[in-house]
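> Before we start, here is the structure in question, set down as C-alpha cells.
The values are calculated or read from the model by the stated rules, or taken from the named source; none is laboratory data. Treat the numbers as computed from the prediction; the structure is a model and nothing was measured. Positions of Cβ are generated from backbone atoms using ideal geometry, with glycine treated the same way; all protein chains shown enter the neighbour counts. The accessibility values were calculated without ligands, DNA or RNA, using every heavy atom of the protein model including side chains. Shrake-Rupley method; radii C 1.70, N 1.55, O 1.52, S 1.80 Å.
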Amino acid sequence: MELEAIDKRILRALQEDGRLTNQSLAAEVGLSASPCWRRVRQLEDRGVIKGYKATLDRREIGLGVLAFVRIKIDSHSEAEADEFSHGITKLAEVVACYSIAGDADFMLHVVARDLDTYADFAMTVIRRLPRIKEMQTTFVLKEIKPFNGFPLDFIKT
C-alpha cells in the first residue's frame, strides 16, 4: 500500500500527538479541515490507523522492570504454537509477543513491578505454559530509545 506525502504528514503528526483536534491537525499538515478529516477517515477505514491511545510512563505507574523473554517450545506443530500463543494473549504482564526466527520461537515483552514480582510470574506462570522447552530472560537496564512510533520516511510515496 502506498501512502501519499500528505498521508505521511498526517500519520507523523498523529503519532506525536493523537489528541490533536482535526483543526489543529489540518493546520499542522497544511490542509483545510474537511479534506484533512476525510484523509484521516480513509486511513482509519484502510486499517493504517488502528486506534488512539495514551502513552504511559511505566515507572510512574509502578512497573519498574522491563524484560524480554525468549521462549523455545518443544514442538513446532501449528496446533501447539497456537496453543502457546493463545495462552500468552491472556497474560497482562506480557505487553507484546512475537513469533521469531532464529534459535528461539517467541519473544515476549514483559513488565513487572519489581524483580521479585517478575521472578514469581516467570516461575509460576510462564514456565507452566504448555510446551515450554527453554526460557531466557534479558532485563532492560536503561531504555535508550523506547518505541515512539513507526518511521515514515522509508515508505514510498
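> Restricted to region 110-143, and to residues that are in a strand (DSSP E or B) and open to solvent by 50 Å² or more (accessible area, probe 1.4 Å), which residue is farthest from Leu56 (Cα to Cα)?
Lys133
> Considering (1) crowded, with 16+ Cβ neighbours inside 10 Å; (2) farther than 18 Å from Gln136 by Cβ, say which one Ile71 fails and leave the rest.
In the conditions (1) crowded, with 16+ Cβ neighbours inside 10 Å; (2) farther than 18 Å from Gln136 by Cβ, Ile71 misses (2) alone.
> Still on this structure, I have one more. Mind checking which pairs have a first residue in region 137-157 that is among the aliphatic types (A, V, I, L, M) and a second that is in a loop (DSSP other than H, G, I, E, B) and exposed (fewer than 10 other Cβ atoms within 10 Å of the Cβ), Cβ under 6 Å, 6 or more apart or different chains?
Final answer for the pair search is none.
> Also: Looking only at region 10-39, how many residues end up being more than 24 Å from Leu56 (Cα to Cα) and buried (at least 18 other Cβ atoms within 10 Å of the Cβ)?
5
> Give me a count of the residues in region 40-68 that are farther than 30 Å from Arg113 by Cβ and loosely packed, with under 14 Cβ neighbours inside 10 Å.
Filtering region 40-68 for residues farther than 30 Å from Arg113 by Cβ gives 40-49.
Add one more test, that the residue is loosely packed, with under 14 Cβ neighbours inside 10 Å, and what stays is 41-42, 44-47.
Residues flagged as farther than 30 Å from Arg113 by Cβ and loosely packed, with under 14 Cβ neighbours inside 10 Å within region 40-68 amount to 6.
> On the phi > 0 side of the Ramachandran plot and either in contact (Cβ under 8 Å) with a residue 12 or more places away in the chain or of a type in the set (Val, Ile, Thr) (or both): which single residue out of Gly102, Gly30, Gly51 fits that description?
It is Gly30.
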